[in-house]
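In what follows, a structure is listed as structure tokens, so that the remarks can point back to it.
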Amino acid sequence: MTSTTSPSAGTTGGKVILLTPRGFCAGVVRAIDVVKIALQLYPAPIYVRKEIVHNRHVVEELRALGAVFVEELDEVPAGARAIFSAHGVSPEVRRQATDRSLNVIDATCPLVTKVHLEALRFAKQGYTILLIGHRDHDEVIGTMGEAPHSTIVVSDEAEAETVAVPDPERVCYLTQTTLSLDEAAGIIAKLKNRFPKIQGPPAQDICYATENRQQAVKAVSADCQLLLVVGSANSSNSRRMVEVALNMGTPAYLVDDYKGLDPAWFIGVETVVVTAGASAPEHLVQDLIANLRTQGYTELEEREVKQEDVRFSLPGELQQAQRLTQIAL
């Protein structure tokens, strides 16, 4: 049972280890910037298909600024301006946008686009694509749409053991970018055992931010009694961080913000590790730490496991619009 009241540490002088890297990845920063800049450059309304990133607080903030979030493009008036989320869309969605004469700004993460291009390349070469991921996730739905008749989703090792392909000599695998590294490795090992000639991407599809955040959790698991991951329940990479900790024997929980803390989690706990998924804003992390401080966790150690310096440029249409606006001024 969760509570909006603060936790009780049951001790004084408790410690918080704050992990780095945490929070926003380059793709999320880019996607949020796309919406904010579009709201500044273009007349309202600006529509966004699906959640721009999987975080409730981010979506609510952008909605307050004027963004109109819709599930599908048939909710967008013909000729309006629409933004595709960071998770990517299928060619069918792009066709729908063209049919409705929408002015589209594509905020798809470049690392997701990489997987789409790999799917297209393998499909053109006649391969069956085994897409490792969660079949109900927006990213997997979009990637599968690139070659729906050639793609089979494999979600776990059991499915890897039973999946059937037309030609075992021409089969490849791709992965969702936000998977658990260990889970993906297990599935890939099963597939390689069954299909010795299986091909994979030139470089792994799991993104740098997902990998770094999971590795950071592993690096501190021995030093903590409790791990808190700030992130929304529909955030795949955030949920995978919790799973990584649990698999290493560390109690771990996913919370949207400090209001999701349960006092029972903290009984007898002296050291808490705090981190955040790739779509969670930093102010939520700081609010949570401030809440813990009032409950006796007064010592704060910031532990950097790996540096990140990845940046993605804005979509070309936004860059051009910004230049034109500057010229007009």
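Every read-out reported here was derived from the displayed coordinates using simple, explicitly stated rules and does not represent laboratory data. It should be emphasised that the depicted structure is a prediction, and the values quoted were computed from it without experimental measurement. Quick reminder, even Gly has a Cβ in these numbers, built from the backbone with ideal geometry, and neighbours come from all protein chains shown.
Cβ-to-Cβ counts within 10 Å put HIS54, HIS149, HIS137 in ascending order as HIS149, HIS137, HIS54, the fewest first. The calculated pair-distance distribution of region 111-194 uses every alpha carbon pair, bins of 5 angstrom beginning at 0, and gives 3, 17, 29, 26, 20, 5 percent. Counting charges near GLU71 (Lys, Arg +1; Asp, Glu -1) among other residues having Cβ under 11 Å from its Cβ returns a value of -3. Counting beta carbons within 10 Å around each of LEU130, LEU41 and listing the fewest first gives the order LEU41, LEU130. When SER90, SER101, SER236 are arranged by Cβ crowding within 10 Å, least crowded first, meaning fewest neighbours, the order is SER101, SER90, SER236. Using the Cβ-Cβ distance between LYS36 and ALA189 with R0 set to 45 Å, the FRET efficiency from 1/(1 + (r/R0)^6) comes to roughly 0.60. Across the options ASN193, ALA219, THR113, the greatest Cα extent toward the positive end of the charge dipole of the chain (unit charges at beta carbon of Lys, Arg, Asp, Glu) belongs to THR113.
The share of C-alpha pairs in region 88-130 whose separation exceeds 16 Å stands at 48 percent.
In summary, the lysines within cross-link reach of LYS197, defined as a Cα separation below 30 angstrom excluding same-chain residues under 8 places away, comprise LYS114, LYS124.
Residues considered: LEU39, LEU65, LEU73. Largest GNM mean-square fluctuation over the chain, using C-alpha springs under 10 Å, is found at LEU65. Between ARG95 and ARG293, the distance separating the two model label sites (each 7 Å from Cα on the Cα→Cβ line) works out to 5.6 nm.
If a/c stays under 1.5 just call it rounded; otherwise compare a/b with b/c (prolate if a/b is bigger, oblate if not). Do that for the chain, with a ≥ b ≥ c from the square roots of the Cα gyration tensor eigenvalues. Taking the square roots of the gyration eigenvalues as a ≥ b ≥ c, the chain is oblate. For region 155-264, the relative contact order is 24 percent, taking Cα pairs closer than 8 Å that sit 6 or more residues apart in sequence and dividing their mean separation by the residue count. Mean residue ellipticity at 222 nm from the helices of the chain, using -39,500 (n - 2.57) per DSSP H segment of n ≥ 4 over the full residue count, to the nearest 500 deg cm²/dmol? That comes out to -12000 deg cm²/dmol.
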